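Colleague: Right, I'll just put the structure down here and ask away after.
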């Protein structure tokens, strides 16, 4: 991740909306961080997870949204873009309260957030974002690691994340906030044979 050119000590969402650039940014307490372009594997994982969630959520009130989609985690009623100094773009999210969704993205905490690790984002996803999502009240957070073909899940209980699951490779993984929703990880991660063939 690269930093935006520093002209101010702190930026707001209002500043971001005025930037004339194709680069996507996230904002951490006024500190802008540029997002690197995702790899093909990263996008394939997001596409598959999003497809499975979309199929499960069909005819349900909750909706899945992929990046880029701005999430103003701590925006309060009456705030303007100049009042908002924290904005993230999760790889994938599910929002059940339609009133949180507007033309710019989401204000408040999504119910489920999934981040797919990349070399440039791993530190932010594992530490900065985990703490932000816990503080904002995101009910469930998944960290997907393409390298180890694994998923870590965190579920909010009494304001803090518990660590209920770590799954590697194939198999199935339940979405805790949707007890009857099960993700087929064998479709999410390429098989070991496919990976070896691509690297040959």
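Readers should treat all values here as calculations from the given coordinates under stated rules, not as data from a laboratory. Not measured: the values here are computed from a predicted model. All Cβ positions, even for glycine, are placed from backbone atoms using ideal geometry, and neighbour counts span all protein chains on display.
Colleague: I'd like the antiparallel share, as a percent to the nearest 5, of DSSP beta bridges with both residues in segment 38-199.
Modeller: Percentage antiparallel, nearest 5: 75.
Colleague: Enter the Cα centre distance for the pair segment 114-182 and segment 30-79, rounded to the nearest angstrom.
Modeller: 14 Å
Colleague: Place the peptides 100-110, 158-168 in order of packing, highest mean first, counting for every residue the other Cβ atoms within 10 Å and averaging per peptide.
Modeller: 100-110, 158-168
Colleague: Once every DSSP H run of n ≥ 4 in the chain is given -39500 (n - 2.57) and the sum is divided by its residues, what mean residue ellipticity at 222 nm do you get, rounded to the nearest 500 deg cm²/dmol?
Modeller: Helix contribution divided over all residues of the chain: -6000 deg cm²/dmol.
Colleague: Also, I was wondering about something else. Mind telling me which of 120, 150, 99 comes out most flexible in a GNM of the chain, alpha-carbon contacts under 10 Å?
Modeller: In this elastic network of the chain, the residue with the biggest mean-square fluctuation among 120, 150, 99 is 99.
Colleague: From the P(r) of segment 127-193, could you give the percentage of C-alpha pairs in the tail past 16 Å?
Modeller: So the pairs more than 16 Å apart make up 49 percent of the total in segment 127-193.
Colleague: Can you give the Kirkwood hydrodynamic radius for the chain, in Å, rounded to one decimal and based on Cα pairs?
Modeller: 17.6 Å is the Kirkwood radius here.
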